[in-house]
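Only one structure is covered here, and it is reproduced in the block below.
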């Protein structure tokens, strides 16, 4: 695809470096990209691939001192963006090209009313009166399905939810009818149901207004749902480009192929994923040749020469690989290792929760009485069976992390009972509780902050042993080496510090630490959410292997339905501090009965489905300070009927162990999702 | 597959983001911090070497050369009893800087321990300690130090103690704030989940990680302490004649201001330059420890 | 938290502060070796007169009873009689307090008017020459001994150039203006007393510069670091991405938010100004509270010292209260909720 004159955005052979202490980081090396009128273009890559840098560069948003362009050209609507001055850039930004970002919570000025922030942008670029600008701002908010736009205009950002704020930002971005809208992971920080609403909104509005979109994301399924064309980046280079359907069905570049294979969506549940070995190169030295060759299964001597970005077959689908078109993606089907099959779940309960409730006081009056309560858990009955993986799925605020803390005995329930191996945790004194606690360990979401930066790895890994009274450095080191090998790290690196490891390696260190005391139960609190998909596959594989070889029980908490579907035996879906549906992973996630589960799963972007996802209505989650009466989901439910105003109980529907907290479970139509 | 495949060449950073090399890199990027460091090195050198580098005995009277203007014989001139002001300024570094360091050591030492204890114990004891500190922080601290110094008897040691005592609550707050914010870090939560006792968490995780901001604050405070101590001496509540102390020298020099400007000027300049040194270094350290600056 | 509950909390707090301050000064005043009764009675007084004086002052009572008596009097606004001036302490305070406030306000206006633009400039041009200059100014301000700077200014402008007065509030031939606020500048303006206005203004310049320079450093440093923090915020990026001009981004978006944390800092700095006044007033013979308290301390005049500390702490707590209220008013999240 040549950089046609009809392109709105045309990036040609662009290179850029970030000067750092370690030397110049070559963030972009010869990036080429075009956005044509009216099309939605995806830009995909893992962290550090340079996708956001590319997006920011298009409107020259990187601070001049931070980045240096070293070659290539960049034009937007015919302007030479590398030569243009700051004043001219101000006229282009927000008018010809506007941009929205990842964090809607912090992207609006907290001290200025919403209306004024939009009006300010409109009046910056167009000579119209305050009143007219206000009228247009209100109309824009209405167009973005913001309920009660007139009131929202007078609101401050803190009065709106994340989803609403992102709508405001989209309204602002569209306010001067830009030719291109650049979106940098605009839905990554949002819950999946809100993400579906925002994606649908961007798609519809861009189509209706004829605005081109450059959409940056790490999520191939989002690309599938939204984009006409897609670019794939790796290590600051463009590795593949093509029409979305072509590229995902017949990827040419080994990296794209490997990336797709590492997705749990496309793999058989409970089977090892085809992870990409190794990590992304650090870009501190100039890489000659293909940057993927160290991780590529097909690399040969020739790969040390830079491959051309060419199209082997049909026009418009090209890849930067010497063997583009010659390498067929191998079929993912692999024989299941015997060890994985050996992990057998029993029906014996290891941990049992009965009617567990947790409330947090919200503010205190000056007499020390809480003014209100946040109801984090509202009567949870659940058992975790020895040897199984119990998945917990839910959106933010559903209580899944509180559940983890309760199970870990880090948080005392305000009502209800928790038993471990038949022993009531509340009946134990501090010393006995400490002994029992050794049986459960935790792995947190962010390996960066869950490892003390000032300790060498061997001290980190053996901290539970140290706490338990082992003081001999020799013994601790020996155990650390053993654990490092167990999680697939090199035993000779136990003297290093956390910052010397990559994100995936740090998470393995955290897992090794959790295993130090031979626990029975490991609570995994979003263990792969901070990781890239290729690394996520590595970590999921390690977890499955360890479970099989050590007979571990997992409580696996995640907002990612595909990951839970892959690793869990049974699944509980949570909503407002309650379990609304419980059963095997296949029952709950492939054939959901509860209307909320259906909304949730329906909102997850699918790689395979050709149908565009239906956007649920724009409503905010009810508050867990003032709990709704009756069924908590009632106000958002499409199947609301008489009887819903009564509290619902978790009850088996039909004969199976599949339980649903809905009195209409049996009446609902069958689930038909491609 | 579980073993990391051979690490590609050039994939790991050549240098780590901690250690001496990194510190030196950060220092070089900030010329003002280098200036601060340079000043402190010089001042510390003068402190140690004063007896050898001072051209005169600081207490030697020379009534024939009273109130002499600066010259090659007396760089900063002489005072009302003919003592060499240059030598007295050099010797004054010993007094003034030692007092500054001592004040900070005392207030930081006590403050950090009390603050950490308060944060560790929590509950009612914590509330009580902190409310008490709030009250003390609302006292007019300089006046309190003045009153204390006056009541204890005007001398340098009492002035030093008075300033240090008044400064303690500040560190109590800082240390406790650090302890509390670290307590919510996932790695501390992880340690709690292993059942680690609180004292151990304090020692292994909180103390080492809390020290950086406290040390930065202490560095900035040394400048303030030197200023405050010299101010007490200036109003006659600190060092007394004939001690060579910068604030006291400015105080006596004040009477000769209009005719012998150099007399109060040079000791005051010494205070200014020393305080600038500690403030510049403190500012630089703060930027360096700022997590957002890491790796840049 | 509402405005009312903040006010209530601060007022309860004030009670503890006044209690604490009085206890500490009371204890200190009884640690001193001197005998106030003898001091008041004079050197040549007979033992009998001293005893009478002691009884009269209540010094023969047990310490706690003396304290209770004292607190009772303080509650009625009676701080006792100054040993040094022989006048009621409260009258002295009423006389000297406005002079100190006038000086501190003038210094604050100077520090804020110069410090805010300097801090913004410094943050925007981070690590460039203008930042280095502004940082040098602010670090010099923080590191300068105020008493020494005052002396230098007196030498230069009074001794050498002879263009500004070196001490006092008014030239000796000019009568103070009619008292309305106690600030000579404001009072002379209100009474159209031009000679007094001119004289009070030129007398204010050097002390205000001296006191203000230290705080200029504090304000500049605070604004710089708050701006640097705010400039990294996502909403600043949004504003830039929307094509808002640099000036609007800096002053309309960034400074607005940088000022919120700075209000607390600058408010507390004003509290320090009141104490910094002690040194400045000494150097410039400014007839304010600072001068008064230094002389009282030198004379071990404890009724005066205690009166001063109680008034100063109360002022400090009330200042904190008003800073809290301004902060709440600036931050919409707190303002709109309460």
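The values are calculated or read from the model by the stated rules, or taken from the named source; none is laboratory data. Given the structure is predicted, the values throughout are model-derived calculations rather than measurements. Every residue, glycine as well, gets a Cβ built from its backbone with ideal geometry; the counts of neighbours run over all protein chains shown.
Observations on the structure shown:
Yes or no, residue by residue, for (1) facing chain C (nearest Cβ under 10 Å); (2) assigned to a helix (DSSP H, G or I); (3) out of contact with any strand residue (DSSP E or B) (no Cβ under 6 Å at 6 or more places or on another chain); (4) farther than 24 Å from residue C:270 by Cα:
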| residue | (1), (2), (3), (4) |
| --- | --- |
| B:124 | no, yes, yes, yes |
| B:129 | no, yes, yes, yes |
| B:134 | yes, yes, yes, no |
| B:142 | yes, yes, yes, no |
| B:154 | yes, no, yes, yes |
| B:163 | no, yes, yes, no |
| B:173 | no, yes, yes, no |
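- Test: residue C:231 is more than 30 Å from residue A:61 (Cβ to Cβ) and modelled with pLDDT of 90 or more: no
- The requirement of being assigned to a loop (DSSP other than H, G, I, E, B), on the phi < 0 side of the Ramachandran plot and more than 11 Å from chain B (Cβ to nearest Cβ) is fulfilled somewhere in region A:480-498, by at least one residue.
- Among the residues listed as B:229, B:218, the single one being surrounded by 21 or more Cβ atoms within 10 Å (Cβ to Cβ), under 28 Å from residue C:156 (Cα atoms) and either facing chain C (nearest Cβ under 8 Å) or touching a helix residue (DSSP H, G or I) at 6+ places or on another chain (Cβ under 6 Å) (or both): B:229
- Out of A:552, A:531, sole residue that is surrounded by 22 or more Cβ atoms within 10 Å (Cβ to Cβ), over 18 Å from the mean Cα position of the chain (by Cα) and over 22 Å from residue A:650 (Cβ atoms): A:552
- Selection from region A:292-310 of residues that are touching a residue at least 24 places away in the same chain (Cβ under 8 Å), part of a loop (DSSP other than H, G, I, E, B) and surrounded by 13 or more Cβ atoms within 10 Å (Cβ to Cβ): A:292, A:296, A:298
- Residue B:148 meets the stated requirement of being in a helix (DSSP H, G or I), more than 14 Å from chain A (Cβ to nearest Cβ) and within 30 Å of residue C:320 (Cα to Cα).
- A Cβ distance below 7 Å, combined with a sequence gap of six or more or placement on separate chains, defines the contacts here; from region A:263-291, residues that are not assigned by TED's automatic domain parsing to the domain that holds residue A:324 reach no residue that is surrounded by fewer than 19 Cβ atoms within 10 Å (Cβ to Cβ) and in a loop (DSSP other than H, G, I, E, B).
- Residue match in region A:427-443 (condition: modelled with pLDDT of 90 or more, assigned to a strand (DSSP E or B) and more than 13 Å from residue A:522 (Cα to Cα)): no
- None of B:82, B:10 is within 14 Å of chain A (Cβ to nearest Cβ), surrounded by fewer than 19 Cβ atoms within 10 Å (Cβ to Cβ) and either at pLDDT below 90 or touching a strand residue (DSSP E or B) at 6+ places or on another chain (Cβ under 9 Å) (or both) except B:10.
- Flag if residue A:543 is more than 13 Å from the chain's Cα centre (by Cα), more than 24 Å from residue A:234 (Cβ to Cβ) and buried (at least 23 other Cβ atoms within 10 Å of the Cβ): yes
- Among residues of region A:444-463, those that are without any contact (Cβ under 8 Å) to a residue 40 or more places away in the chain and assigned to a helix (DSSP H, G or I), counted: 2
- Residues located in region C:307-334, provided they are in contact (Cβ under 8 Å) with a residue 60 or more places away in the chain and over 17 Å from the mean Cα position of the chain (by Cα): C:324, C:325, C:326, C:327, C:328, C:330, C:331, C:334
- Residue A:435 meets each of the listed conditions (1) facing chain B (nearest Cβ under 9 Å); (2) in contact with a helix residue (DSSP H, G or I) (Cβ under 9 Å, 6 or more places away or on another chain); (3) farther than 27 Å from residue A:559 by Cα apart from (2).
- Number of the condition not met by residue C:297 [criteria: (1) closer than 23 Å to residue B:137 by Cβ; (2) buried (at least 24 other Cβ atoms within 10 Å of the Cβ); (3) in contact (Cβ under 8 Å) with a residue 12 or more places away in the chain]: (3)
- Of the strands (runs of 3 or more DSSP E) that lie entirely inside region A:171-257, those containing 1 or more residues that are within 26 Å of residue A:321 (Cβ to Cβ) span A:212-217, A:229-234, A:237-243.
- Within region A:316-329, the residues that satisfy the criterion of being in contact (Cβ under 8 Å) with a residue 24 or more places away in the chain and not in a strand (DSSP E or B) are A:316, A:317, A:321, A:322, A:323, A:324, A:325, A:327, A:329.
- Residues that are more than 11 Å from chain C (Cβ to nearest Cβ), within 19 Å of residue B:86 (Cβ to Cβ) and at pLDDT below 90 are absent from region B:272-285.
- Pick from region B:255-266, criterion under 20 Å from residue B:239 (Cβ atoms) and more than 8 Å from every other protein chain (Cβ to nearest Cβ), ranking: surrounded by the fewest Cβ atoms within 10 Å (Cβ to Cβ): B:255
- Residue within region A:615-635 that is modelled with pLDDT under 90, outside any loop (DSSP other than H, G, I, E, B) and over 29 Å from residue A:259 (Cβ atoms) present: yes
- Residues of region A:402-424 classified as in contact with a helix residue (DSSP H, G or I) (Cβ under 8 Å, 6 or more places away or on another chain) and in a strand (DSSP E or B), total: 5
- Test result for residue A:572, surrounded by 24 or more Cβ atoms within 10 Å (Cβ to Cβ) and at pLDDT 95 or above: yes
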